[in-house]
1. Go over the candidates A:Ile70, A:Ile109, A:Ile86, A:Ile122 one by one and state the one that is β-branched (Val, Ile, Thr), within 30 Å of A:Val247 (Cβ to Cβ) and either touching a helix residue (DSSP H, G or I) at 6+ places or on another chain (Cβ under 6 Å) or in the same structural domain as A:Gln23 (by TED's automatic domain parsing) (or both).
2. I'd like the residue in the stretch A:39-51 that is within 11 Å of another protein chain (Cβ to nearest Cβ) and of a type outside the set (S, T, N, Q) and, out of all such residues, is nearest to B:Thr426 (Cα to Cα).
3. Return the residue satisfying two criteria in turn: it lies in the stretch B:84-118 and is facing chain A (nearest Cβ under 8 Å) and of a type in the set (Ser, Thr, Tyr), and of such residues it is farthest from B:Glu431 (Cα to Cα).
4. From A:Gln155, A:Gln125, which residue is within 8 Å of chain B (Cβ to nearest Cβ), polar (S, T, N, Q) and under 21 Å from the mean Cα position of the chain (by Cα)?
5. Tell me which residues, restricted to the stretch A:52-79, are β-branched (Val, Ile, Thr) and at the interface with another protein chain (Cβ under 8 Å from one of its Cβ atoms).
6. Give B:Ala329, B:Ala325 a once-over and let me know the one that is at pLDDT 90 or above, more than 17 Å from the chain's Cα centre (by Cα), within 14 Å of chain A (Cβ to nearest Cβ) and closer than 30 Å to B:Trp213 by Cβ.
7. Just to be sure I understand, how many residues within the stretch A:55-84 are in a helix (DSSP H, G or I) and either among the polar types (S, T, N, Q) or in contact (Cβ under 8 Å) with a residue 40 or more places away in the chain (or both)?
8. So the check is Cβ under 8 Å with 6+ separation or different chains; which pairs have a first residue in the stretch B:107-123 that's closer than 18 Å to B:Gly73 by Cβ and a second one that's in a helix (DSSP H, G or I) and of a type in the set (Asp, Glu)?
Amino acid sequence: MMIPALYYDGRTSQAHVAQLSLQNTGLTVQLEDGRKIIWGAEEVKFVEPPTATTPFRLRQGFNGAERLVIADSSWQKILIGYYPLITQPDNLWSKNAKRLFGWGGAAVISLVFTVLVAVPLIARQVAENLPLAVEQQIGQQAFEHIVKTLAFIEQRTSENNLICGASGTKVDQHLAKLIHRLLPAQTATIKPLIKVVDLKMDNAFALPGGHIVLFRGLLEKLQDPNELAGIVAHELGHVAYRHSTKVFVEQLGTSVLIGLLFGDVTGGAAVAGLGQALLNSSHTREAEREADTYAIEVLNRENISALPAARFFQRLFEDQGRLEKRLSLLNTHPMSDDRADFFQANSTGTSPAMSDDAWIAIKNICARSPIDDFTQ
Amino acid sequence: MDKKPRRSLVTMRHDLEDFTDNPRAPGVSGTAASAEKTAAPSGDTAAFSFSGKRGALFKIALMNALLTILTLGIYRFWAKTRIRRFFWSNIRIHKEPLEYTGTAMELLIGFLVVLAILVPLFAVYEGALFLVSRSPDGFQIGLQVLYAFALLGFFQYAFYRMWRYRFSRTTWRGVRFSQAGSAWKYMGLTLAWLLITVGTLGLAYPWLRHAQWKYRIEHLHYGQQPFAYGGTALDLAKRWVFVIVPPIVILTIIALIEYETLMALVEYFPPNPEQNFDQLQSITGQLAWVFATIGLLYLTIPVLYIWYRVRELNFVVNQSGLAGAGFRARIRSSAIIGWIVVTGATLFIFVGIPGGFIALAFENSPALQDLLGSWSIGLIILGFLALMVISSVVVTVILSNGIIRHIFSNISIINPAALASVTQATATKPEFGEGLADALDVGAF
């Protein structure tokens, strides 16, 4: 039998009218000028998987440039009958195994190096040099995202009414005064700010740009103003050392890398996931120790007793079961008696952190009177 | 072999001639049967055509989207290859389809190369650049601009490499295309003209486009035969005038009419507490029509720009030649804009509305959250993934398919006989895929 076809020899774009004859040993291309070309049986391959579309095409092996074009797709079946290997695809995995392993290995090494060495190193440098305005902006966005997410978990729908204590009120001034006392000795740059959020979780954390976030649930657990002072001093330590900013920049770098892996370098997913990443990240042991050391130093400087804070950490430690649910930024690994012991051993202060009036006002910061609701 | 098609030699030859306009290229002696049709005289034209079926593309696009999500993106190299094979093999030039010979493996290895070499370099570069930019304040802006330019240049480089790879994997009549030239030079000329374009507030844009097209086309080869380009920047400028002049004129007129009110607005900012708010209100009230006009301009500029780009494409195709053959394009911007609008509307109906509904349902309904409990987060993620699949399929099947179909149904070749005996290229082709372009997300498919 003869199959009418067009033959392209792969050397020029010229079409040759041809007749194909099929043998079990191979395929013979008979050209009009008398030339004969023979393809081996195992070399005959479909260019595209067989379909009903016309014309269809054949190639010689996987690397050859020659092509046969056959107008009538009903020949496909007959060709498959003659050459069972015709539909078998090229085994690209085994052909490229060396390259895949070589470059794949290099890629893994390079990624591990980048994530474990380069990104933390760079993140530290970047965080320490980030303009304050940028840091505050990042902190504000992270704050909004975290409050929104946590409000969702607690099924609180309105985010606007979750912030306790309007700026300029008396209680706000009490908090500002506390912060002011606990600031490092020489600092002109950071202006930390306490935000109390009306959610029931017992937690606190520091965000980039000096936002210190306290939850109502934590305030309710506190029994003494010096417990609050201890927590705020610890978080101010994170602020002073820019721990949160470092965590954030590191997360940013890692997110971009992950985006690259998954084919999303527009960064959409990476940026969208950042707030979440920050929520799930935690400080290193070293960072916690730095924050604790800072806290003791400023508390001693201000003659504020750290013993109540030590007792509070002890209570938290005994309450370990609930620690799992605590936010990672505060969920400190050495939340053990280590910290309580450290505070107890090094405290030299003797006085309370604030007046009783101030303490009562802060404790009740989230309690709304009907008049408050009206004026807001 | 009983079922073999039984047809006369004459009808078979007609079949052949159906998909090969000119089977008897010079030098091939004809038979009696083929002599019935006379060889196409020079000056004849032959059309491009697109034979893709939406149903077939839909199946490919759906499988691609599902598998890409299931494999966390790794399948994208196979997905891209399948889509390209579909489009390439359905573009018929003079009835003979293009063939895409690239493989997913090449794209995967190209990606691994980028990961291995570029990722650490990029991380260090980013960090170093940031630290340098921190030191003296004066340098900062300059370095920022430099950084933006470097990034843009990188994109241009990746873009050129991407097309080099794609052309090297494209054959027609068994002869492959190739994009010669240097990606660095292309980057250089683009950045130089971009600088001038920014400096002239967009007036030099046609010169930028001309330089890019000329370099790309004159370095494009079919076999050993280079393409030629005969257009000038002035030709493009004539078309660009219609985009750039109306907004400038309108904005100038606005500025002249409302000069005093605008100055009052400028003086108002930055606002300080002493200024009264009523003053701002009266200013903005007076400028309402100005804001409306600018808003309207904002909406028309994308349309005008697409209109320009289509006219540019038609012109560029018409000015291109290959081995004595020419091209004629009649692509309509209305069709392109039409497909964009249809795609937008479809996305709105099938992605925007369900997405908004899901978000609202969870935002406002604690009851629903109670009911679903811990499943609610899972359901939101599932819904989000489903919407991703839908939008990917819609964009491929409606937008890409619509635009490619329209473009390749509206181009024809003048004197196609000239393409009958072009010799194969001997130059080596790039070994790996377009890793950099993939990493930078250049190119739609």
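1. On the way: A:Ile70 fails: within 30 Å of A:Val247 (Cβ to Cβ); A:Ile109 fails: either touching a helix residue (DSSP H, G or I) at 6+ places or on another chain (Cβ under 6 Å) or in the same structural domain as A:Gln23 (by TED's automatic domain parsing) (or both); A:Ile86 fails: within 30 Å of A:Val247 (Cβ to Cβ).
None of the other options fit; the residue is A:Ile122.
2. Residues of the stretch A:39-51 within 11 Å of another protein chain (Cβ to nearest Cβ): A:47-49, A:51.
Right, trim to of a type outside the set (S, T, N, Q) and you get A:47-49.
Values: A:Val47: 22, A:Glu48: 25, A:Pro49: 28 Å.
Residue satisfying both the conditions and the ranking: A:Val47.
3. Top of the filtered list is B:Ser89.
4. That would be A:Gln125, the only listed residue that is within 8 Å of chain B (Cβ to nearest Cβ), polar (S, T, N, Q) and under 21 Å from the mean Cα position of the chain (by Cα).
5. A:Thr53, A:Thr54, A:Val69, A:Ile78
6. On the way: B:Ala329 fails: within 14 Å of chain A (Cβ to nearest Cβ).
The unique qualifying residue is B:Ala325.
7. In the first step, residues of the stretch A:55-84 are kept if they are in a helix (DSSP H, G or I); the result is A:75-82, A:84.
The next check asks that each one be either among the polar types (S, T, N, Q) or in contact (Cβ under 8 Å) with a residue 40 or more places away in the chain (or both); those that pass are A:75-76, A:78-79, A:82.
The number of residues fulfilling the criteria is 5.
8. That search, which allows pairs on different chains as well, returns B:Leu107/B:Asp438; B:Gly110/B:Asp438; B:Phe111/B:Asp438; B:Val114/B:Asp438.
The values are calculated or read from the model by the stated rules, or taken from the named source; none is laboratory data. Bear in mind that the values here come from a model prediction, so they are computed numbers and not experimental data. Note: ideal-geometry Cβ built from the backbone for every residue, glycine included; neighbour counts use all protein chains shown.
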